[in-house]
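Peer 1: Below you will find the structure I want to go over with you.
The values are calculated or read from the model by the stated rules, or taken from the named source; none is laboratory data. Every value quoted in this text rests on a predicted model; they were computed, and no experiment measured them. Neighbour counts run over all protein chains shown; Cβ positions are idealised from the backbone, glycine included. Calculation scope for accessible area: heavy atoms of the full protein, side chains included, ligands and nucleic acids excluded. Shrake-Rupley method; radii C 1.70, N 1.55, O 1.52, S 1.80 Å.
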Amino acid sequence: MNEKPALLTPEELAARILELDKVLALVANQAATAPAKAQLLALKPTTVETSKTWAQLSVELNLTAAFKDLIAETGTVPLSGIEDLEPFLEEVHFPESWLAPRELLFIAGTFAALGNLRDYRNRVAEESETLYRPLAPTFSEIESFTPLLKLIESCINNEEDIRDNASLELKDIRRRIGSSRRQIHTNLNAVLSSPEFEPYIQENLITIRNQRYVLPLRTNFRGAIDGIIHDHSRSKQTFFVEPLNSVSLNNGLALLLQEEKQEEIAILKMIADRLREATASINSTLIKVFALDKLQAKARFAQQINACAPILLESWEENGFSLKKARHPLLAASAKPSEVIAIDIEFPATRYGLIISGANTGGKTVSLKTSGLIALMARCGLLLPVAKESRVPLFGKVLATIGDEQNLAASLSTFSGHLLAVKAILEIADSRSLVLLDELGVGTDPKEGAALAQAVLMELKRRQITFMVTTHYNDVKSYAYETEGVCSVAVAFDPKTFSPLYHLQYGVPGLSNALMIAHNLGFTEELIEQARSLLDESEVRTTNLATQLERRLANSANHETELLKLKQQARIEKERASRLTLELETEKEKVKESAREEIGKLVKKARQKFKIRLDELETSKVMLDGVRQQIVENALTEELPEIKVGKLRGSFNEAYAEVSKLIPARQSELAKIDFAKIREGDRLMVAGQTKTATVITIEKTGKRFTVLLDGNLRVKLDRNKINRHLPQTRKEQAVNSGNATVKIRNVIGLNEANQERFAQNQHSGTKSRPTFSGATLVLNLVGKRVEEAINLLIPFIDQAVVGGQERIELIHGHGTGRLRQGLHEALKELPYVSSFSHPDNTAGRAAITIVELIKR
């Protein structure tokens, strides 16, 4: 006796009517693994009970959207070849169990595919870090089991045979097997090649029967060749005989083959033990992989239908909801994007129901199915074919009756089946339900059907249930106008071609256009006029008014389209103007850059010429000093003037600064400055200056700053003159705070006497420039590299000049002379250096350089 099929609940029936199973089948087709396909096909809409469900679905939608972006950028995740290994792992659950080589190669294929997944993860994490970061937990804890893969591959070859080198014992056994087989063949070949036995040989070959090597002999062999008969041919004309002199050799081979089998089983058990130890990790990894495959299948289906993650609503009573540019997922998956017309489903906070009317084939039923499917897909964690700004509610129940519901087995008519379906919906629907009713009240007397339909709608509204209903009844259309919270919606029709446009027009009833459709199908004019004359006068008036309203809406839509085109054209022109402006600014910057390069070349050329002239002067000075020394030695009392090369160098630097002002400054975006964070000692970039300025004092208002510009020039600046703030580093703060004596010693290495003088100046409380009189400042650079020494020399000279010093001493030692030469080269380039030399006939001589500074 056949069992009766289980009855579907109203929710399950609605999911079948809306064809959710077809959507899930399309999603499952995108999966690469069998378990993921099965899980997707069995997917059910999540039961919405708490806010936790809403949060979980929101996270799932956002995760799927992120995965969609990732695979669009980096390609799909390689999951092909990954299989469910649970049945094989169950086989090796107990000790002493093992798997066949074919099964182990199957497992190795999955491990190899996991290695491909690992390589993809590592590549994407490095190349697309921003896209990968939110998905990192999805890829975490997925192992590749490379050691197990290498173990299996090292023991079993692609022909499903255990390799000779799987173990030393097996290798030795197989070597002995080969030797034994060669002995047997030698022995049997001697029989075959003997002229004595030729009359008894049926065929000149060695074959195997019952795992023993035998010879095919004729029936007359008896008495000529002693041996054991293992088999014979069907005609009994050939006997397969093992000669007696080969029996012991075959016995030895049989024992070796048994040893080989035992060793192979031992190897397979060893691999099984390793698999058994890793069973938990393998199962955990595969669960993660199958979840990853499900996520990717959802993302790939979303790519196919151009779906997204809209705003998911836990509650919509206060602000309502809307599905913008909603498309039927099955149509979006099968048709070209240009062929699928999107609709807008609008439910403001004060609206409970939509009553959709219009001609057949106009898209009424598709609108119902689109809304219902989108609501179910949201509860399945699928991205939705709507605009991203859509606000999609999370309905607790989706209930629908669409199409012919007659039940022949129960002897129910179409109308009875329809009523029973509506009754079942009314029994379980609540304020968090979406009810979809197609052609409510159809299949009976129009007046009674319309009255029953209105009564059902009143009940739904009273219980604040969201509903969408299609109808051809004028009384039901009128109900929408007369009832607050219910809106009449028409499926649009082209008034010129009378063809459906497949989008919705809110606020107007749709015309059924039965007479027009009959006319288009070839009915005679007389019959059409006869039918028109039978319409009630009120029906005609209602139809005419609806027609006029529909045409006005069509004209309004045309005007909106034209306005949209004008807006788009204006936007294009604006973008074009912006692009031209940008190109002009780019060209302008190129001209400035070219000018900067030309002036820079001129300055460089002038500097080179000046350096040549400066070298000539240095040479002349040396020669002049030599002549002067000779004159002094000849007791001439008049002293010749000293050539001050430093002054010439300073003059050049001033000229260079003037020329540099001619170079156009590079335009850069001004950094945002927090003026409250500026402190004394900080550096500032000042408008019109190429070098930084140091903050000396700050007014109490914080709006004006006294700074020291390059060249020891003090000025007061407003905020608008400051382009950038360069706070002190921790090292600089340490240098500029604490004990002044320690600061001087750490930074410039002054001798103790000069440290005390400088520290007294720092603590004097005056804002005037520190002065040094008496002892000469000394900088000890012994043991420093040239670069380090120069970095210490420049601020040392700056502080000496600011302190009013006219002479400093540099201690660099003898060494190789590289430090002294580097310092001398640097001194030639410094603007405040007048001259430098070694002490005459003093201790140390060339180990010290005395530097004369320009008086300020």
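Peer 1: Using a Förster distance of 60 Å, how high is the FRET efficiency between residue 196 and residue 116, based on the Cβ-Cβ distance and rounded to 0.05?
Peer 2: 0.40
Peer 1: Which net charge results for the neighbourhood of residue 575, defined as the other residues with beta-carbon distances under 13 angstrom from its beta-carbon, given Lys and Arg at +1 and Asp and Glu at -1?
Peer 2: +3
Peer 1: Quickly work out the residue 51-to-residue 344 label distance, labels modelled 7 Å from Cα along the C-beta direction, and quote it in nm with one decimal.
Peer 2: A separation of 3.1 nm, rounded to one decimal place.
Peer 1: Please compute the length gained on full extension between residue 589 and residue 794, using 0.36 nm multiplied by the number of residues separating them and subtracting their Cα-Cα distance.
Peer 2: 70.3 nm
Peer 1: Which number comes out as Rg/Rh for the range 239-343 once both Rg and the Kirkwood Rh are worked out on C-alpha atoms?
Peer 2: Rg divided by Rh gives 1.53.
Peer 1: Only sites in a loop by DSSP and with at most 11 other Cβ atoms within 10 Å count here; which GluC sites (Glu not before Pro) in the range 406-488 make the cut?
Peer 2: Counting only loop positions with at most 11 other Cβ atoms within 10 Å, the GluC sites (Glu not before Pro) in the range 406-488 are 484.
Peer 1: Please report, to two decimal places, log10 I(q)/I(0) for the range 145-281 at q = 0.10 Å⁻¹ as given by the Debye formula with identical point scatterers on the Cα atoms and no solvent.
Peer 2: Rounded to two decimals, the profile gives -0.49.
Peer 1: Subtract the Cα-Cα distance of residue 423 and residue 204 from 0.36 nm times their separation in residues, and report this length gain in nm to one decimal.
Peer 2: Using 0.36 nm per residue and subtracting the Cα-Cα distance, I get 69.9 nm.
Peer 1: Which percent of the accessible area of the range 275-432 is formed by carbon and sulfur heavy atoms (probe 1.4 angstrom)? Display every interim value, and only then the final one.
Peer 2: Numbers: 3260 of 6110 Å².
About 53 percent, which is the carbon plus sulfur part of the accessible surface.
Peer 1: Oh, and also: With all protein chains present, calculate the accessible area of residue 809 using a 1.4 Å probe and round the result to the nearest 10 Å².
Peer 2: About 50 Å², rounded to the nearest 10.
Peer 1: In the range 193-226, which residues have a backbone nitrogen under 18 Å from the label point lying 7 Å from residue 234's Cα in the Cα-to-Cβ direction?
Peer 2: none
Peer 1: Could you compute the net charge surrounding residue 812? Neighbours are other residues with a C-beta less than 11 Å from the C-beta of residue 812; K and R count +1, D and E count -1.
Peer 2: Local net charge: +2.
Peer 1: Here's a follow-up. Contour minus end-to-end for residue 574 and residue 126, with contour as 0.36 nm per residue of separation and end-to-end as the Cα-Cα distance?
Peer 2: The residue 574-residue 126 span can extend by a further 157.4 nm.
Peer 1: Please name which of 18, 76, 56 has its Cα lying farthest along the dipole of the range 1-138 towards the positive end, using unit charges on Cβ (Lys, Arg +1; Asp, Glu -1) and the Cα centre as origin.
Peer 2: The residue sitting most towards the positive pole is 18.
Peer 1: Counting only protein chains, not ligands or nucleic acids, how are 98, 316 ordered by accessible area (probe 1.4 Å), most first?
Peer 2: In descending accessible area the options line up as 98, 316.
Peer 1: Among 62-68, 471-477, 73-79, 353-359, how do they line up by average Cβ neighbours within 10 Å per residue, starting with the highest?
Peer 2: Top of the packing list down: 353-359, 471-477, 62-68, 73-79.
Peer 1: Arrange the peptides 276-287, 202-213 so that the one whose residues have, on average, the most other Cβ atoms within 10 Å appears first. Display every interim value, and only then the final one.
Peer 2: Details: 276-287: 15.6, 202-213: 14.1.
Going from most to least packed, we get 276-287, 202-213.
Peer 1: OK, next. Assigning unit charges at the beta carbon (Lys, Arg +1; Asp, Glu -1) and nothing else, what dipole magnitude in debye, to the nearest 20, does the range 32-178 show about its Cα centre?
Peer 2: My answer is approximately 160 debye.
Peer 1: While we're here: Which distance in nm do the two modelled labels at residue 361 and residue 525 give, with both placed 7 Å along the Cα-to-Cβ direction?
Peer 2: Reported label-point gap for residue 361 and residue 525 is 2.4 nm.
Peer 1: Something else about it: Please report, in whole Å, how far the alpha carbons of the range 74-195 spread along each principal axis, starting with the longest.
Peer 2: Principal-axis extents of the Cα atoms in the range 74-195, largest first: 84, 34, 23 Å.
Peer 1: Could you provide, to the nearest whole Å², the per residue accessible area of the range 303-383 with probe 1.4 Å?
Peer 2: Solvent-accessible surface per residue comes out at 37 Å².
Peer 1: Moving on. Could you compute the FRET efficiency for residue 459 and residue 38, with r as their C-beta to C-beta distance and R0 at 30 Å, rounded to 0.05?
Peer 2: The calculated FRET efficiency here is 0.15.
Peer 1: For residue 91 and residue 168, what is the calculated FRET efficiency with R₀ set at 22 Å and r taken between the beta-carbons, to the nearest 0.05?
Peer 2: Calculated value: 0.20.
Peer 1: What is the packing order of peptides 80-89, 675-684, 576-585, taking the mean over residues of other C-beta atoms within 10 Å and listing the highest first?
Peer 2: Answer by packing, highest mean first, reads 80-89, 675-684, 576-585.
Peer 1: I'd like the accessible area for residue 812, computed on protein heavy atoms only with a 1.4 Å probe and all protein chains in place. Round to 10 Å², please.
Peer 2: 10 Å²
Peer 1: Something else: If I take every Cα pair under 8 Å that is 6 or more residues apart in the range 146-286, average their sequence separation and divide by the length, what percent do I get for the relative contact order? Before the final figure, lay out each step's value.
Peer 2: Working: 148 pairs, mean separation 31.4, N = 141.
Across the range 146-286, relative contact order equals 22 percent.
Peer 1: Here is a follow-up. Within a Cβ distance under 12 Å of residue 598, other residues only, what is the Lys/Arg minus Asp/Glu net charge?
Peer 2: Here the charged neighbours net out to +3.
Peer 1: Follow-up. Could you compute how much accessible surface residue 612 exposes when probed at 1.4 Å, giving the result in Å² to the nearest 10?
Peer 2: Ignoring ligands and nucleic acids, residue 612 comes out at about 100 Å².
Peer 1: When the Cα centres of the range 802-824 and the range 194-269 are compared, how far apart do they sit, in Å?
Peer 2: The range 802-824 and the range 194-269 have Cα centres separated by 103 Å.
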